[in-house]
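Here the structure comes first, spelled out in structure tokens, and everything after it is commentary.
The values are calculated or read from the model by the stated rules, or taken from the named source; none is laboratory data. Owing to the predicted nature of the structure, the values given are computational and were not obtained by experimental measurement. Here Cβ is always computed from backbone atoms with ideal geometry, including for glycine, and neighbour counts include all displayed protein chains. Areas reflect the complete protein model, heavy atoms only, side chains present, ligands, DNA and RNA absent. Shrake-Rupley method; radii C 1.70, N 1.55, O 1.52, S 1.80 Å.
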Amino acid sequence: MSARKGVIDPAKTDTQDMFIGWAKAPVVDRRFLLGALPLGLIGAGGASWLVASELEDPGAGAWLTSATHKVTGALVNAPYPMLLVSDPAAPFGMRTVLIAAQGKCNSALKFADKEGLPVEASGVLIERKDRRMLEVPSFLDEWLTPVLIDMPGSVVMPDTVSLGPAHLAGTVMDSKCFFGVMRPGRGKTHKACASLCIRGGIPPSFWVRTKDGRESVLLMTDAQGGPIPMDILPLVADPVEAQGEIVRVGDMLQFRADANAYIRI
Amino acid sequence: MGHQYKAIQWNGNKIVYDLYLFAFVAIFIGVFMFVGLQTHASGHSADPVVLAIRALGTAAFSLLTIILAIGPLARMNKRFLTLLYNRRHLGVVTFLVASAHFGLALFWYHSSGPLNPFVSLFVSNPLYDSIPGFPFETLGFAAFLIMMAMAVTSHDFWLNNLSAPVWKALHMLVYPAYALLVMHIVLGALMTEKSMTYPIMTAATFVGVSSLHLIAGLREWGADSGMKQLKEKGWVDVCAPDDIAEKRAVITPLPKGDRVAIFRYDGKISAVTNACRHQNGPLGEGRVIDGCITCPWHGWQYRPDDGISPPPFTEKISTYNVRIEEGRVLLDPKPNKPGTRVEPALIPGAGVVS
Ligand code: HEM
Ligand code: FES
């Protein structure tokens, strides 16, 4: 009879010198580390290369922070802050430039008393394909200069043209991140941010894509054309569908539907 | 120097360890940012801040995976003790990288909005009643709190002041934290990204860590279960003195679940608890060095006959009574109070040295 059942003899499998932290490492351990440590670094680089290279396309859009951009046009408050710029070269002879405050609080922008006023605004341009937004500081005198020159077309509110009822499926995006501040500014990992931006008054866009890759970006309003209520927040960034009406205001397509018309798919 | 938390100090091995750790994190994040910032084929380029959030999160999760793998690896192969030795710094660095991930995510996604960032973290995605829609950030936050508690109490000062069982329980929370983080990834990044690389990598790390623990655990469980039959009181017949290698120990489980390390050295036999006073390292896997039992984890030492650390240290572990009868080592399963001196059993014919 030798050792009783259950007795472990570590010396059987482990015959080498022991590594003790406060002493010089034994030769076996040095040899082990000489191989293992470089392998670890290569593994770290390889794993992070793999993760980084497989990330989704960050999407179109740019946030041109390196320069200040000047836009001259008429200030409009509703349904969201924007500038209407006359541009004979553009389709329908004008361009809409949405206005967003720095950060996520558009409600800090207050210029109700300047509705329709021709101004020169300076800020940072956010641009995604033919969609534009100007990011400006909260204090008006830091970015807004009234201009007195005559600007034909700019002070005239464009007509609202109905393109008829439509049933659309897509995603509710916060226009600021989506137009280029965060790339990628979409998907579940961006849901909380997008919802916070829309809560802060950043205009929401409805991003509609067809199977063959064509896409359309529509500014979202309620059924009457006013700002969309906060009931939309839980649905932000998720795939949804809604019955509504498409209208064109100048160069901008808008989707009119009440928040409760949106259904998660 | 009566405080045990001063027992471990800076030394060459720790500096090498930390430099290496730094290089590891730098390479991980550097490669991630370099690759991620390349313009995609579509001409689109990623936002550096979003990329940094991802790089830091991925690095922190990888480090935590390594931390959890080192324990069972060191039980299976002693060479991994070199990595276990300074695991606490690894833990603190992991916490710092995770803090940077958290801080940047909070700043980029939740700050300068209409809500307090910490409120936004919990209410901006309200889909708590949905599994695929669940606000994954809250899971990361819960894991972060656990990691913070562990990092803050990682110093031996706390081990001393919280008492070993409380400290150990606190540090066992690393497993729930890891589970929370796996869900943080599954319900976050995996819901957004389309490449199959991510589910495969996440599953591989999770299965890898779990099976390492399972394998290491099964080995010890197999040894323990043999002992379950041993119900009778009185002394336990462990083995013959020659079954123990010189300056080494065998480990025997006791019916109550304790483990005893029985050392042979210089023609004598002494028995002490298998659990190191420091962080429960397996003393029986250590050696007798300079006349002292030396723990394989961080090198704490105890005299074999009374279980007291050699001066200037004063740490104490439990000793057990041993005898040699008819060529067998017999052990009294009742532990003595830590620091109780027990006359070593002399091995007949061994010719006691010293
Ligand atoms: C403390 C609260 C935390 C918050 C608020 C948080 C937030 C986030 C967010 C928003 C993302 C998505 C990033 C993006 O795709 O843009 C993310 C991803 C991730 N997080 Fe966290 N996180 C937290 C804690 C942690 C911790 C403690 C770890 C790991 C130790 C961790 C590991 C990860 C990983 C691995 C990813 C996936 C990275 C990727 O997209 O490739 N997170 N986290
Ligand atoms: S020296 Fe740290 S556990 Fe023994």
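Return the residues of segment A:37-48 that are farther than 12 Å from B:Thr197 by Cα and either open to solvent by 20 Å² or more (accessible area, probe 1.4 Å) or within 16 Å of ligand 2 (Cβ to nearest atom) (or both); say none if nothing qualifies.
Across segment A:37-48, the qualifying residues are A:Leu37, A:Pro38, A:Leu39, A:Gly40, A:Leu41, A:Ile42, A:Gly43, A:Gly46.
Right, B:Gly327: open to solvent by 20 Å² or more (accessible area, probe 1.4 Å), more than 16 Å from B:Ala249 (Cα to Cα) and touching a residue at least 12 places away in the same chain (Cβ under 8 Å) or not?
For B:Gly327, the condition - open to solvent by 20 Å² or more (accessible area, probe 1.4 Å), more than 16 Å from B:Ala249 (Cα to Cα) and touching a residue at least 12 places away in the same chain (Cβ under 8 Å) - is met.
Applying the selection to segment B:55-89, what residues are open to solvent by less than 10 Å² (accessible area, probe 1.4 Å), facing chain A (nearest Cβ under 9 Å) and at pLDDT 95 or above?
Hits for segment B:55-89 are B:Ala55, B:Ala59.
Can B:Leu104 be described as away from chain A (no Cβ under 11 Å) and more than 23 Å from the chain's Cα centre (by Cα)?
In short, yes.
Would you mind telling me which numbered condition in (1) more than 12 Å from ligand 1 (Cβ to nearest atom); (2) buried (at least 20 other Cβ atoms within 10 Å of the Cβ); (3) not in a helix (DSSP H, G or I) B:Ala46 fails?
Among (1) more than 12 Å from ligand 1 (Cβ to nearest atom); (2) buried (at least 20 other Cβ atoms within 10 Å of the Cβ); (3) not in a helix (DSSP H, G or I), B:Ala46 violates only (1).
Looking at the structure I just gave you, is B:Ile27 closer than 24 Å to B:Thr202 by Cβ, assigned to a helix (DSSP H, G or I) and in contact (Cβ under 8 Å) with a residue 12 or more places away in the chain?
Answer is no for this residue.
Listed residues A:Pro88, A:Pro58; which is outside any strand (DSSP E or B) and touching a residue at least 12 places away in the same chain (Cβ under 8 Å)?
So the residue among A:Pro88, A:Pro58 that is outside any strand (DSSP E or B) and touching a residue at least 12 places away in the same chain (Cβ under 8 Å) is A:Pro58.
State whether one or more residues within segment A:101-124 are within 16 Å of A:Val76 (Cα to Cα) and without any contact (Cβ under 8 Å) to a residue 24 or more places away in the chain.
Within segment A:101-124, one or more residues are within 16 Å of A:Val76 (Cα to Cα) and without any contact (Cβ under 8 Å) to a residue 24 or more places away in the chain.
Considering each of B:Val322, B:Val288 in turn, give the residue that is touching a Leu at 6+ places or on another chain (Cβ under 6 Å), over 30 Å from B:Ala169 (Cβ atoms) and away from ligand 1 (no atom under 16 Å from the Cβ).
B:Val322
Evaluate segment A:141-157: report whether one residue or more is in a strand (DSSP E or B), open to solvent by less than 10 Å² (accessible area, probe 1.4 Å) and over 24 Å from B:Leu51 (Cα atoms).
No: segment A:141-157 contains no residue that is in a strand (DSSP E or B), open to solvent by less than 10 Å² (accessible area, probe 1.4 Å) and over 24 Å from B:Leu51 (Cα atoms).
List the pairs whose first member sits in segment A:35-55 and is at the interface with chain B (Cβ under 7 Å from one of its Cβ atoms), whose second member is outside any helix (DSSP H, G or I), and whose Cβ atoms are under 8 Å apart, counting only residues at least 6 apart or on separate chains?
Once the first residue is at the interface with chain B (Cβ under 7 Å from one of its Cβ atoms) and sits in segment A:35-55, its partners that are outside any helix (DSSP H, G or I) give A:Glu54/B:Glu193; A:Glu54/B:Ser195; A:Leu55/B:Ala46; A:Leu55/B:Glu193; A:Leu55/B:Ser195.
Can you go through B:Pro304, B:Pro311, B:Pro333, B:Pro338 and tell me which one is buried (at least 19 other Cβ atoms within 10 Å of the Cβ) and either under 30 Å from the mean Cα position of the chain (by Cα) or not assigned by TED's automatic domain parsing to the domain that holds B:Pro253 (or both)?
Matching residue, one of B:Pro304, B:Pro311, B:Pro333, B:Pro338: B:Pro304.
Tell me which residues, restricted to segment A:1-15, are more than 7 Å from chain B (Cβ to nearest Cβ) and part of a loop (DSSP other than H, G, I, E, B).
Correct list: A:Met1, A:Thr15.
Among the residues of segment B:242-284, which ones are near ligand 2 (Cβ under 10 Å from one of its atoms) and under 21 Å from B:Pro72 (Cβ atoms)?
B:Ala275, B:Cys276, B:His278, B:Gln279, B:Asn280, B:Gly281, B:Pro282, B:Leu283
Just checking, which of B:Ala164, B:Ala169 is more than 14 Å from ligand 1 (Cβ to nearest atom), touching a strand residue (DSSP E or B) at 6+ places or on another chain (Cβ under 9 Å) and more than 14 Å from chain A (Cβ to nearest Cβ)?
The unique qualifying residue is B:Ala164.
If you scan segment B:289-301, which residues turn out to be away from ligand 2 (no atom under 14 Å from the Cβ) and open to solvent by less than 10 Å² (accessible area, probe 1.4 Å)?
Passing the criteria: none in range.
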